[in-house]
Amino acid sequence: MSKQLVAVLFGGCSGEHEVSRNSAFTVSQALSHSYEVFNIGIAKDGQWYGPIPLGEIRGFTPDKFKGKTITILPNTSSGGTIYSLPALLPLAIADIFFPALHGTFGEDGTIQGLLELAGAPYVGCGVLASSVGMDKVMMKKIFAEAGLPQVPFLSFLRSETEANLSDVLQETESKLGYPCFVKPANLGSSVGISKASGREELEEAIRLACRYDRKIIIEKGAEVREIEVSVLGNENPRASVPGEIVPCNAFYDYKAKYIDDRSLLHIPAKIEESTAEKIRELAVKAYQAIDGSGLARVDFFLTKDTREVLINEINTLPGFTDISMYPKLWEHTGVGLTDLVRQLVELALERAADKKANVISYED
């Protein structure tokens with residue numbers, strides 16, 4: 001019996017292009033134990049290339065693969081067919097796609113929408129959950145509706161900050177105070193995030209965040225511990241043991257994650273069992289609130305003074321790099337990497353079968 005073919009998508013047009021390449025290497029290597037793998041590198045200009053050998057993923061540049069431009073068609077009759085360009089000759093038929101893409105055009109529902117149009121099964125959350133999970137403002141509004149505890153926040157459009165910066169500063173100071181955190185609404189890996197302890201820093205933080213997105217979010221600062229949980233599943237998701245990040249910088253920013261390599265990870269987190277169980281329950285509740293499927297990582301704050309558990313955010317395509325918490329947390333929960341990617345593929349095929357069954361039922 002021939003192995004199923006999994007097409008791994010990586011790279012992309014986002015600030016997390018390099019992180020995605022590292023995630024894809026881990027995913028592709030783990031998949032190769034049970035599946036055939038077709039790696040698809042997406043350049044920063046959006047062009048697709050493939051197949052990319054495993055050893056070329058981390059150093060992927062389009063210059064090496066100029067004669068290997070490829071595409072899929074947004075037509076359900078084409079399914080998972082991968083075509084060469086410009087001749088549109090079929091190269092391979094993928095049984096399923098595994099997006100190892102982070103940030104815009106990979107984690108925000110756009111690639112998921114393309115795969116839906118192509119009638120191709122894919123790993124991870126669908127269009128709705130992906131787009132909501134990417135937009136921190138909409139995410140927090142849904143969390144509030146679900147009764148999930150979180151820090152106070154404000155959101156502004158870039159146009160508001162440009163037209164009335166003094167009003168934005170005044171409202172932030174009166175409602176949130178200092179310190180506060182300023183973030184682009186739609187980005188991951190802590191890109192564009194700053195901590196502000198005064199008006200000058202706040203102005204600078206707002207300008208930085210607005211470089212990355214037309215919408216920003218500002219959150220009230222607090223003395224907290226950072227706890228993360230991995231979630232896996234469709235209709236009946238389960239949560240991993242919680243882990244704690246002790247950042248080497250003022251907070252767990254991009255530099256602390258991927259450059260300094262001095263942040264500490266405690267798995268499992270050194271917290272009371274009752275607190276750990278509450279965090280796991282809230283993680284599943286958050287996952288279900290956005291209608292998650294496949295996988296997500298849910299990040300929490302544990303306040304140091306009152307030990308209150310607050311949800312920070314959900315990441316619907318968490319990293320799979322050597323230092324990423326998502327696979328590490330499952331490993332410590334008893335699910336190794338090879339088994340983890342296999343379960344993700346099976347969950348995706350299960351979800352695709354459910355969708356197909358619903359369409360047939362509706363037509364009948």
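The values are calculated or read from the model by the stated rules, or taken from the named source; none is laboratory data. Since this is a predicted model, take the numbers as computed values, not measurements. Every residue, glycine among them, receives a Cβ derived from its backbone with ideal geometry; neighbour counts consider all protein chains shown. Ligands, DNA and RNA are stripped out before the accessible areas are found, and what is left, the full protein with its side chains, is counted by its heavy atoms. Shrake-Rupley method; radii C 1.70, N 1.55, O 1.52, S 1.80 Å.
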inquiry  = Any residue that is closer than 30 Å to Arg280 by Cα, in contact with an Asp or Glu (Cβ under 7 Å, 6 or more places away or on another chain), without any contact (Cβ under 8 Å) to a residue 40 or more places away in the chain and not in a loop (DSSP other than H, G, I, E, B) - is there at least one of those in segment 109-129?
reply    = yes
inquiry  = Residue under question is Leu73, and the condition is that it be at pLDDT 95 or above, of a type outside the set (Asp, Glu), in contact with a Ser or Thr (Cβ under 8 Å, 6 or more places away or on another chain) and open to solvent by 20 Å² or more (accessible area, probe 1.4 Å); does it hold?
reply    = yes
note = Residues of segment 306-341 being charged (D, E, K, R) and touching a helix residue (DSSP H, G or I) at 6+ places or on another chain (Cβ under 8 Å), in sequence order, are Arg307, Glu313, Asp322, Glu331
Matching entry among Gln150, Gln112 (being touching a strand residue (DSSP E or B) at 6+ places or on another chain (Cβ under 6 Å) and either open to solvent by less than 60 Å² (accessible area, probe 1.4 Å) or modelled with pLDDT under 95 (or both)) = Gln150
message = Residues to consider are Thr338, Thr306, Thr321; find the one that is outside any helix (DSSP H, G or I) and open to solvent by 50 Å² or more (accessible area, probe 1.4 Å).
response = Thr306
inquiry  = Take the conditions outside any strand (DSSP E or B), over 24 Å from Val246 (Cα atoms) and of a type outside the set (D, E, K, R) and apply them to Leu347. Does it pass?
reply    = yes
task = May I ask you to verify whether Leu310 is at pLDDT 95 or above, under 30 Å from Asn22 (Cβ atoms) and within 15 Å of the chain's Cα centre (by Cα)?
result = no
request  = Answer yes if at least one residue in segment 91-107 is touching a Leu at 6+ places or on another chain (Cβ under 9 Å), modelled with pLDDT under 95, open to solvent by 60 Å² or more (accessible area, probe 1.4 Å) and of a type in the set (Ser, Thr, Tyr), and no otherwise.
outcome  = no
message = I'd like the residue in segment 250-270 that is over 20 Å from the mean Cα position of the chain (by Cα), among the hydrophobic types (A, V, I, L, M, F, W, C) and open to solvent by 30 Å² or more (accessible area, probe 1.4 Å) and, out of all such residues, is modelled with the highest pLDDT.
response = Ile267
inquiry  = Considering only segment 49-65, I want to know if a residue exists there that is within 19 Å of Leu349 (Cα to Cα) and either aromatic (Phe, Trp, Tyr) or touching a residue at least 40 places away in the same chain (Cβ under 8 Å) (or both).
reply    = no
ask   = Restricting to segment 3-16, what's the tally of residues that are surrounded by 24 or more Cβ atoms within 10 Å (Cβ to Cβ), touching a strand residue (DSSP E or B) at 6+ places or on another chain (Cβ under 9 Å) and assigned to a loop (DSSP other than H, G, I, E, B)?
value = 1
query = Looking only at strands (runs of 3 or more DSSP E) that fall completely inside segment 17-86, which ones have 3 or more residues that are within 19 Å of the chain's Cα centre (by Cα)?
reply = 36-42
query = Just checking, how many residues over segment 139-188 are assigned to a helix (DSSP H, G or I), touching a Phe, Trp or Tyr at 6+ places or on another chain (Cβ under 9 Å) and without any contact (Cβ under 8 Å) to a residue 60 or more places away in the chain?
reply = 3
task = Could you pull out the residue among Tyr83, Tyr122 that is surrounded by 22 or more Cβ atoms within 10 Å (Cβ to Cβ) and of a type in the set (Phe, Trp, Tyr)?
result = Tyr122
message = Looking for something touching a residue at least 40 places away in the same chain (Cβ under 8 Å), touching a Phe, Trp or Tyr at 6+ places or on another chain (Cβ under 9 Å) and of a type in the set (Asp, Glu) - is there at least one such residue anywhere in segment 76-97?
response = yes
